[in-house]
Amino acid sequence: MSQKIKNILFDLGGVIISLNKQEALNRFTAIGFPNIEDYLGEFRQEGIFLEYEEGKISPEGFYKEFRKLCGNDNIAAEDIDNGWLGFLAGIPPYKFELLKELRKKYKVYLLSNTNPSVVKWASSEAFSPEGLPIQAYFDKCYLSFEIGHAKPDREIFDFILADSGMIPSETLFLDDGKANIEIGKEIGFETCLVDQTEDLRKVFTDRDLL
């Protein structure tokens, strides 16, 4: 594989950032959101939460609908953002070094189902120990809310292929969602289904990519 791979395409949550869905559920419940389990999935959201990740509503629109569903107009935007950030359980320090190492040999891209609340944090100096934003670690970040589609929809993959010029057979796609990996295989990517508890470096050493 090492002879033909030219691009690495990473998912964010569950691959780069460790996820803790229960903490997000707890935070949203604590500020009064009813039946939050019906809206938050492991790999894809529902209702207004999916609309937010697909860019169909603005942050202000999301906050408004969120408050309406809670029956409380006084919930602070910061508290709603903090609910989203509950998903994020941290990034093992070695992953920052891994990304920098991979960029010496490959084009390194990000493809994430995410939203402005998370990206506001990721685009700040709080993202990394070096005080660098997420954009400093990738050649380009492809974000669902900016593209208007979320994985595993085919349209989001068509968009990134057209924009980047990457060839699927020359690209290793890493994701923790089975549905996303399945569409990746159909498109022709080399794929790796990631378990967030495993050492990500092993994925690359086993494939002779480091």
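Tell me, yes or no, whether the range 198-209 has at least one residue that is surrounded by fewer than 18 Cβ atoms within 10 Å (Cβ to Cβ) and either of a type in the set (G, A, S) or more than 21 Å from K100 (Cα to Cα) (or both). There is no residue in the range 198-209 that is surrounded by fewer than 18 Cβ atoms within 10 Å (Cβ to Cβ) and either of a type in the set (G, A, S) or more than 21 Å from K100 (Cα to Cα) (or both). Within the range 59-76, the set of residues being surrounded by 13 or more Cβ atoms within 10 Å (Cβ to Cβ) and closer than 16 Å to F145 by Cβ comprises P59, G61, F62, Y63, E65, F66.
Considering every residue within the range 94-113, establish whether at least one is without any contact (Cβ under 8 Å) to a residue 24 or more places away in the chain and touching a helix residue (DSSP H, G or I) at 6+ places or on another chain (Cβ under 6 Å). So far as the range 94-113 goes, no, none of its residues is without any contact (Cβ under 8 Å) to a residue 24 or more places away in the chain and touching a helix residue (DSSP H, G or I) at 6+ places or on another chain (Cβ under 6 Å). Residues satisfying the criterion are absent from the range 187-199 (criterion: of a type in the set (G, A, S), modelled with pLDDT of 95 or more and within 30 Å of F28 (Cα to Cα)). Of all residues in the range 185-197, exactly one satisfies the criterion of being charged (D, E, K, R) and either assigned to a strand (DSSP E or B) or surrounded by 19 or more Cβ atoms within 10 Å (Cβ to Cβ) (or both), namely E190.
Could you tell me whether any residue of the range 183-205 is basic (K, R) and either touching a Leu at 6+ places or on another chain (Cβ under 6 Å) or farther than 18 Å from F43 by Cα (or both)? Yes, there is a match, as at least one residue in the range 183-205 is basic (K, R) and either touching a Leu at 6+ places or on another chain (Cβ under 6 Å) or farther than 18 Å from F43 by Cα (or both).
The values are calculated or read from the model by the stated rules, or taken from the named source; none is laboratory data. Predicted model, so just to flag it, every value in this text is computed and none were measured. Cβ: placed from backbone, ideal geometry, glycine included. Neighbour counts: every protein chain shown.
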